[in-house]
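Chemist: Next up is a structure, given as structure tokens.
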Amino acid sequence: MLIAFLVALFGFILLNVPIAFSLILTTVVLMMFMDSVSAEIITQSIVRGIDSFALMAIPFFVLAGEIMNVGGISKRIVFFAKALVGHVTGGLGYVTVLASMLFAGVSGSAIADTTAIGSILLPIMEQEGYDKKKSTALIVSAGTIGPIIPPSIPMIIFGVIGGVSIVKLFLGGIIPGVLIGLGLMVVWYFHAKKKGYRSDHKSSMKEVWASTKNAFWAILLPVIIMGGILSGVFTPTEAAVVAVVYALFVGFFGYKELKLHHLPEILITSSKSTAVVMLVCGAATAAGYMITTAQVPQLLAHTLLSISDNIMIVMLLINILLLLVGCVMDLTPALLIMGPILLPIVVDFGLDPIYFGVVMVVNLCIGLITPPVGNVLFVGCGLSKLSMKDLTPPVLGFIAVMISVLLLITYVPDLITFIPYAVSQ
């Protein structure tokens, strides 16, 4: 049954069948193997998959991200980061990483993060004489921090499918996200030294203060989101709604860059992105029902245990599996497919589902910049007008440091669990 599931799923994907329909067709194949084909079960499972209060956060965070891009919030975050670190050698690279980490605190989406930061910084980096390929590689790599530092759309999804605390998943992503950001800066440091990039003038305290004041409303948003969630004022879903209302207010009345004629395009773009995610969520729920019925997790667990019963080896094998899956599948469907399969296995080993959820999200975020299906890598190609072939070599160094952080958090779980459980005590 495990082989039938894998052959059907990846067979449909290789035939270029859209992910959601690949999942539905795989469900049908599993039903045929079990001689229990039922259109009613598939339909009910799809509806049940999207009928979730927690998942309502996704369209609102997507909408908030779009409003921020148009309303001038992302631009001010970039200029604020530039005032802080733009003066060091290769400073625009550090600005890229820092701005991505700050924007991650308000968007929760890698594509939104990369598009917002890259569209502003890449032309400036080209103008300053930075290597276009390496700069683009840094921008797309930093963009993957978006779903790791809270709030995070993938962690909302994992929280729903795993039945675990979304707030704790959010908090668990803080240290890994910061570690990845620092790791990217280290790689960029050696590149900047080698290329001998000139530094910008150091901002005076007056300029830093002016930039801080200008970006105040943008910087305040992640404080409101996480502060409200941690204090119990609102849930993650309600926080997403607050983010939309706040972004609208700041865009219209704070920075005054958002106009009424912008709203139709913002709503259409957000609706398209949300529709794709929700359809995949529903299809994955249907597939998950049959995966559980067919005992695929137990079969996979048996396969892993036949190799080793050492949890460190098992986690290494799981990480390798997810890295390979991330090369051929986008983050959301990979999370929805592999989450219900792997979570029971790690729980049986006594591992914390919060820990595993963060490890899984970080792992699959790496897949966002690995060919041939890395969606964020494609965004970088669009921004820079470079081909996938051009971008792949310069991004490998950043992928290596991200995998190093992945292994570190895998074998030092406290890096994930420390903040969630310290805050909850």
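We did not get these values from a lab; they are worked out from the coordinates using the rules stated. Remember, predicted model here, so these are calculated numbers, not experimental data. Backbone-built Cβ (ideal geometry, glycine too); neighbour counts: all protein chains shown.
Chemist: Tally time: how many residues in the stretch 242-258 are touching a Phe, Trp or Tyr at 6+ places or on another chain (Cβ under 9 Å), crowded, with 18+ Cβ neighbours inside 10 Å and not hydroxyl-bearing (Ser, Thr, Tyr)?
Modeler: Residues that pass the stated criteria total 6.
Chemist: Could you tell me which of the residues Leu263, Leu248, Leu299 is farther than 20 Å from Thr332 by Cα, more than 26 Å from the chain's Cα centre (by Cα) and assigned to a helix (DSSP H, G or I)?
Modeler: Leu299
Chemist: Additional query: Among the residues of the stretch 382-392, is there at least one that is charged (D, E, K, R) and surrounded by 14 or more Cβ atoms within 10 Å (Cβ to Cβ)?
Modeler: Yes, the stretch 382-392 contains a residue that is charged (D, E, K, R) and surrounded by 14 or more Cβ atoms within 10 Å (Cβ to Cβ).
Chemist: Name the pairs whose Cβ atoms lie under 8 Å apart, with the first residue in the stretch 53-78 and within 15 Å of Ser109 (Cα to Cα), the second of a type in the set (Gly, Ala, Ser) and not in a helix (DSSP H, G or I), and 6 or more positions between them or separate chains?
Modeler: Between residues of the stretch 53-78 that are within 15 Å of Ser109 (Cα to Cα) and residues that are of a type in the set (Gly, Ala, Ser) and not in a helix (DSSP H, G or I), the close pairs are Phe61/Gly108; Phe61/Ser109; Val62/Ser109; Gly65/Gly108; Gly65/Ser109.
Chemist: Just to be sure before I move on: is Ile139 closer than 20 Å to Ala240 by Cβ, in contact (Cβ under 8 Å) with a residue 60 or more places away in the chain and either in a helix (DSSP H, G or I) or not aliphatic (A, V, I, L, M) (or both) in the structure I sent?
Modeler: no
Chemist: Can you find a residue in the stretch 226-242 that is β-branched (Val, Ile, Thr) and within 18 Å of Lys82 (Cα to Cα)?
Modeler: no
Let's see how each residue does on (1) aliphatic (A, V, I, L, M); (2) in contact (Cβ under 8 Å) with a residue 12 or more places away in the chain:
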{"site": "Val358", "(1), (2)": "yes, yes"}
{"site": "Asn363", "(1), (2)": "no, yes"}
{"site": "Gly367", "(1), (2)": "no, yes"}
{"site": "Ile409", "(1), (2)": "yes, yes"}
{"site": "Val412", "(1), (2)": "yes, no"}
{"site": "Ala422", "(1), (2)": "yes, no"}
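Chemist: From the list Val376, Val412, Val359, Val405, pick out the single residue that is under 25 Å from Ile175 (Cβ atoms) and out of contact with any helix residue (DSSP H, G or I) (no Cβ under 9 Å at 6 or more places or on another chain).
Modeler: Being under 25 Å from Ile175 (Cβ atoms) and out of contact with any helix residue (DSSP H, G or I) (no Cβ under 9 Å at 6 or more places or on another chain) holds for just one of Val376, Val412, Val359, Val405, which is Val412.
Chemist: Related question: Does the stretch 28-40 hold any residues that are surrounded by 14 or more Cβ atoms within 10 Å (Cβ to Cβ) and either within 31 Å of the chain's Cα centre (by Cα) or among the small types (Gly, Ala, Ser) (or both), and which are they?
Modeler: Val28, Val29, Leu30
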